[in-house]
Amino acid sequence: MKGGTMVHIQLIYGDEPQLIEEEKRKFLSAYPDLPVTVLDDEAGPQKISEKLCEDSLFGDQKVFCLVNLPIIRKSGKNSDAWVPLYELIMEYNGNNPILLIYHDMIDKRIKQNKAILDKIPNHQCKRLEGADLVMWIRQYCTSNGFKMTPDAQEYVAHLIDLWQDVPVSFMRTEFDRYFLQIIGDKVITKEFLEENGSDYGAKNIFTFKEALLKRDIDTLLELFPFMFGYKELDRAMSYIEGQLRLQLLVSECRQAGMSVQAIQNLCKDHDSSFKPYPIKLAYEASPRISIKALRALLKGLYEIILDSRSSKGDIWRFRDLCITYCGYKG
């Protein structure tokens, strides 16, 4: 956030409503004794300007929360009616704190928008993805007195990779539910998440991948109907292929006599996307996995993915391939 220590006016914007709500609460918590007046574009620029300029007879302060006003432009062409309010806010020096909220990203190429961002202290609440969302979840757990084990963090990271565009609000609701369920030690484990997580697609794909590597044919047969009905099966197969490639790399390195630390260092030195903890898990799993069978599985899966992308694929080959892998007796 830009600006000095005492902020009477602030802009919060972005495409992640949950983070905007958190920042809004932080701002309002600095003024616990002041009433809050919420105004949006339906109030109109003239009424909002009058409210901001009102001097109460008794000098009572209030917080103004101004939501989605067209003083922030989506294009260079906007109604001139909002220009006086834009100028008033840009030069505002009153005693009433103002919180501007804008539920979208701001196009900084538009001169007026850039001027607002340069002048008014602001905080961007961008949709969290991947590692950033995992970090938010970890911090949310910590702030509520809970701890996530490394395998739980890894499990959540896999789900987020598979299930793109995960709203922070969903993850917050999900973890609020976990906090109520856990009694005793405030520790969230992978086993707990597998047992208690909401039954969305990413969870099933992760379970499928785990069952495949363990040659758990019963679980695979249960999940095949889901896999075949999954609207993003290509992405699911690509994820599984990536996880199998990691397992093959680690298994081959272990067979060559490398330690888990040496494999982790090798991946780090070559800027690999494979992280240390998944490498450790693959290393521990490698003694029960046949390298020969895994190579055959990967080769077949790679061909199926290529054919699928050119609309030539027969998805039943995927099922046959997995069942063959599970029955391998090498």
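The values are calculated or read from the model by the stated rules, or taken from the named source; none is laboratory data. These numbers come from a predicted model, not from an experiment. All Cβ positions, even for glycine, are placed from backbone atoms using ideal geometry, and neighbour counts span all protein chains on display. We work out accessible area using only protein heavy atoms, side chains counted, and drop any ligands, DNA or RNA first. Shrake-Rupley method; radii C 1.70, N 1.55, O 1.52, S 1.80 Å.
Annotations
- Crossing angle, helix 150-162 versus the chain [Cα axis fit, 0-90 degrees, rounded to tens]: 80 degrees
- Summary value for the range 9-125: 46 percent relative contact order, contacts being C-alpha pairs under 8 angstrom separated by 6+ residues.
- Pair Asp40, Gln112: separation of 7 Å Cα→Cβ label points (nm): 2.0 nm
- Over the chain, the reciprocal of the mean inverse Cα-Cα separation, the Kirkwood hydrodynamic radius, stands at 23.9 Å.
- DSSP-defined antiparallel bridges as percent of all bridges, the chain, nearest 5: 0 percent
- Magnitude of the charge dipole, the chain, Cβ model with Lys/Arg +1 and Asp/Glu -1, debye to 20: 1180 debye
- Extension gain (nm, one decimal) between Lys62 and Leu221, 0.36 nm per residue minus Cα-Cα: 51.0 nm
- Per-residue ellipticity at 222 nm computed for the chain from its helices equals -17500 deg cm²/dmol, with DSSP H segments shorter than 4 residues left out and the rest contributing -39,500 (n - 2.57).
- Averaged over residues, the count of other Cβ atoms within 10 Å places the peptides 248-255, 116-123 in the sequence 248-255, 116-123, highest first.
- Each Lys and Arg adds +1 at its Cβ and each Asp and Glu adds -1 at its Cβ; summed about the Cα centre, the range 130-196 shows a dipole of about 300 debye.
- A dipole drawn for the range 202-327 from +1 and -1 charges on Cβ atoms has a positive end, and of Ile217, Ala293, Ser308 the residue lying farthest that way is Ala293.
- Pairs from Lys231/Lys299; Lys214/Lys299; Lys24/Lys74; Lys47/Lys126 whose Cα-Cα separation, in the structure shown, is over 27 Å: Lys47/Lys126
- Once the 1.4 Å probe is applied to the protein heavy atoms, the chain comes out at 55 Å² accessible per residue.
- Per-residue extension of 0.36 nm, minus the Cα-Cα distance of Cys53 and Tyr277, leaves a gain of 74.9 nm for this segment.
- Radius 13 Å from Cβ of Val67, net charge of other residues (Lys, Arg +1; Asp, Glu -1): -4
- For peptides 317-327, 40-50, sequence by mean Cβ density within 10 Å, most packed first: 317-327, 40-50
- Modelled label positions at Leu306 and Leu28, each set 7 Å beyond Cα in the direction of Cβ, lie 5.8 nm from each other.
- The range 175-209 versus the range 242-276: alpha-carbon centroid distance in Å: 28 Å
- For the chain, with +1 on Lys and Arg beta carbons and -1 on Asp and Glu, the positive-most of Gln181, Tyr102, Phe64 along the dipole: Gln181
- Calculated FRET value between Glu232 and Ile182, using beta carbons and R₀ = 45 Å, to 0.05: 0.90
- Label-to-label distance, Asn196 versus Thr173, with points set 7 angstrom from Cα along the beta-carbon direction: 1.8 nm.
- In terms of the mean number of neighbouring beta-carbon atoms within 10 Å, the peptides 129-135, 15-21 order highest first as 15-21, 129-135.
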